[in-house]
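The values are calculated or read from the model by the stated rules, or taken from the named source; none is laboratory data. The shown structure was predicted, so the numbers you read here are calculated from the model rather than taken from an experiment. FYI the Cβ positions are ideal-geometry reconstructions off the backbone, even for glycines, and counts take in every protein chain you see.
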Amino acid sequence: MTGARFTAVLPTGTMSAVPPDAAKRLIAEADRLLAGHAEFFGVVRDDLADPDWWFDPKTGRRAPAGYAFHVPYRDEEAVGDIKQIWELSRHQYLTVLAAAYAISGDERYADRVAEHLRSWWAANPPLRGVHWISGIELGIRLLSWVWIRRLLDGWPGAAGLFEDNPVALHQIWHHQRWLAAFPSRGSSANNHIIAEAAGQFAAACAFGWFPASARWRDDALRSLERHLRANTFPSGLNRELATEYHGLVLELGLAAVAEADAAGVPLPPSVRLVLLRMTDALAAVVDGRLRPPRQGDADDGHGLIVDGAGTDRWASLLTTGDAVFGRLAWWPAVTGTDVRTPLLAALIRPTAPTVTRPASRPAHFADAGMTILRGPAQIWCRCDAGPHGFLSIAAHAHADALSVEVRHDGVDVLADPGTFCYHGQPEWRQFFRSTLGHNTLRLGGGDQSVSGGPFLWTRHARSRVLVADTSDEKVARWCAEHDGYQPSVHRRRVELTAASQELRVVDEVRGPRRDAHLAFHLGPAITADLVGNRAVLTWTRDGEDRSAVLDLPEQLSWRAHRGESDPPLGWYSAGFGRKEPTTTLVGAGFADGTQGFTTVLRFRD
């Protein structure tokens, strides 16, 4: 193949629009990478100057060679932690190095990118080994390669690394051929297929050098359009009901729009419309510090990374949303800066939305079953009564019906513990998905929904919202129930009173007498002093001491748990692969249908 050219370049002057502090963070991150240092899912690596692409530093194991589809990638004993192995080979650290070259002109960054790509291509021929198993990995890797080529465009060796390099062309072709042959289907048609379609589309637009490129591009765009709609509620929230996947899908969608506009490929209007709704929904649900809910699974997956550590992911997405769609008056203010927004905005053609956007900040998302109650002093409370998860297996759902998540000025007070892991540690996977692992009521010793495996639920609790009233500035009210403990029905009422800064939670159970456990997971910044059924909570925010009193139902016997492992209880996972001890308050007793359990959380000025 001869005559291939890369034309999907950034407009002249794009890098000069990057804010200086964002550029400084990027260069600092790139310098750490040049020195061989990085951290993935809580594991610090110092071997990135010349990495082994099949090595898992967490377990010390190395994935076996051989035909890709014969590698038992879910067997940690045989392969190691698959996410540790896969993450490096998404090549998103190389997009960071390439961005550092684009902003600085320092060829050390470009040279390292070239060394690593050539090393990876040599070590991972098509269909051999662990990196040819999962479509989401191939899709994200292709998107990274597109941006690496774009960001290295001023480097003399760019064409020799990509379009004039038979090895690169071979890899790019086989990645796209793989994605065309093995798309995710059925119950796996979630964020995975969106990543596959976005990567395929990006490569077919920017690397349109092959006879099949036009067909790959058109097929990928059809898939992307269909699955963006299928994965998103009309309200704009992600149907997986897992907030981090909302971020991943939004990043992938925006990256795909950038490629379409750069290549002059017309997009179906629904693509921009879904991304607009997702952006408005994100702006609606974040707390005062721009942190979104910690709902469902979270695995720190990103679509495109060109920023250094310390750049806020959600602020970056809202900044991009402002540049592409225009902010609404009720959007929260964003003060942070990023590198990615000016790059995407340089490629994406701004369009005036042809739809009506929310005139005021939405608080209740009926289709997703999410309600946000807000009070003074940045009190933020998420109430959950939505569908259990997406499609029949609800892969990324947790058994968290009627759970609440409460923050004060961005600090987790009643926290969602998070996710921590997927494979290899089943007892921890079970805990972080469990009903006891959330701020809700467990009956009969089991979960509200029945798990059939680490990414499978065989019976879903059905929830319905009865009241969601945030119109009264004095008192915000929410009430919902679920049937996960048939024949019993659990109903929960939540009231947030502004004047007293008081959150009242009342749990009622209709049905036969059953064991009951009511759990409240405190955030890692919270210290709790539990005496009887009253806990005094203290923490510090920006150097100021804060406190609250949690009055717990006296019918239950209360104990504080912290950092227990057999079974797990009293943990918080700030990110995938990381966990830290925190305090969980559990009340044990019985629910007999005669009286409710009342919990009152009062914040002190």
When the range 290-326 is examined, which residues are found to be more than 21 Å from PHE40 (Cβ to Cβ) and part of a loop (DSSP other than H, G, I, E, B)? LEU290, ARG291, PRO292, PRO293, GLN295, GLY296, GLY326
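Every residue, every condition in (1) under 28 Å from GLN501 (Cβ atoms); (2) crowded, with 22+ Cβ neighbours inside 10 Å; (3) in contact with a Leu (Cβ under 8 Å, 6 or more places away or on another chain); (4) among the basic types (Lys, Arg), yes or no:
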| site | (1), (2), (3), (4) |
| --- | --- |
| PRO454 | no, no, no, no |
| ALA461 | no, yes, no, no |
| VAL465 | yes, no, no, no |
| GLU473 | yes, no, no, no |
| ALA476 | yes, yes, yes, no |
| ASP483 | no, no, no, no |
Filter result for ALA258 (buried (at least 23 other Cβ atoms within 10 Å of the Cβ) and farther than 30 Å from GLY410 by Cα): yes
Inspect the range 176-185 for any residue being assigned by TED's automatic domain parsing to the domain that holds HIS116, out of contact with any Pro (no Cβ under 6 Å at 6 or more places or on another chain), free of Cβ contacts under 8 Å to residues at least 24 places away in the same chain and not in a loop (DSSP other than H, G, I, E, B) and give the result as yes or no. yes
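Hey, among VAL489, VAL465, VAL494, which residue is of a type in the set (Val, Ile, Thr) and in contact with an Asp or Glu (Cβ under 7 Å, 6 or more places away or on another chain)? Working first, answer last.
Values: VAL465 fails: in contact with an Asp or Glu (Cβ under 7 Å, 6 or more places away or on another chain); VAL494 fails: in contact with an Asp or Glu (Cβ under 7 Å, 6 or more places away or on another chain).
The unique qualifying residue is VAL489.
Yes or no, residue by residue, for (1) buried (at least 22 other Cβ atoms within 10 Å of the Cβ); (2) in the same structural domain as ARG327 (by TED's automatic domain parsing); (3) touching a strand residue (DSSP E or B) at 6+ places or on another chain (Cβ under 9 Å); (4) closer than 30 Å to LYS83 by Cβ:
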{"residue": "ARG374", "(1), (2), (3), (4)": "no, no, yes, no"}
{"residue": "ASP384", "(1), (2), (3), (4)": "yes, no, yes, yes"}
{"residue": "LEU391", "(1), (2), (3), (4)": "no, no, no, yes"}
{"residue": "LEU402", "(1), (2), (3), (4)": "yes, no, yes, no"}
{"residue": "HIS408", "(1), (2), (3), (4)": "yes, no, yes, no"}
{"residue": "GLY437", "(1), (2), (3), (4)": "yes, no, yes, yes"}
Within the range 557-580, the count of residues that are in a strand (DSSP E or B) and either outside the structural domain of ASP529 (by TED's automatic domain parsing) or without any contact (Cβ under 8 Å) to a residue 40 or more places away in the chain (or both) comes to 8
Looking at the structure I just gave you, is THR470 of a type in the set (Ser, Thr, Tyr) and more than 21 Å from TYR572 (Cα to Cα)? yes
I need every pair where a residue in the range 222-238 that is in contact (Cβ under 8 Å) with a residue 12 or more places away in the chain has its Cβ under 6 Å from the Cβ of a residue that is assigned to a helix (DSSP H, G or I) and charged (D, E, K, R), sequence separation at least 6 or different chains. GLY236/ARG277; GLY236/ASP280
Please indicate, with yes or no, whether at least one residue in the range 451-463 is without any contact (Cβ under 8 Å) to a residue 12 or more places away in the chain and within 22 Å of ARG294 (Cα to Cα). yes
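May I ask you to say which residue of ASP542, ASP566 is closer than 30 Å to ARG45 by Cα and out of contact with any strand residue (DSSP E or B) (no Cβ under 7 Å at 6 or more places or on another chain)? Let's see the steps before the verdict.
On the way: ASP542 fails: closer than 30 Å to ARG45 by Cα.
After ruling out the rest, the residue left standing is ASP566.
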Considering only the range 497-545, give the strands (runs of 3 or more DSSP E) lying wholly within it that have at least 1 residues that are closer than 23 Å to LYS579 by Cβ. 514-521, 527-531, 534-541
Taking first residues from the range 350-377 that are on the phi > 0 side of the Ramachandran plot and second residues anywhere that are loosely packed, with under 14 Cβ neighbours inside 10 Å and assigned to a strand (DSSP E or B), the pairs with Cβ under 9 Å that are 6 or more apart or on different chains are GLY369/ARG464
Tell me which of these VAL531 doesn't satisfy, since it passes every other one: (1) over 28 Å from the mean Cα position of the chain (by Cα); (2) surrounded by 14 or more Cβ atoms within 10 Å (Cβ to Cβ). (2)
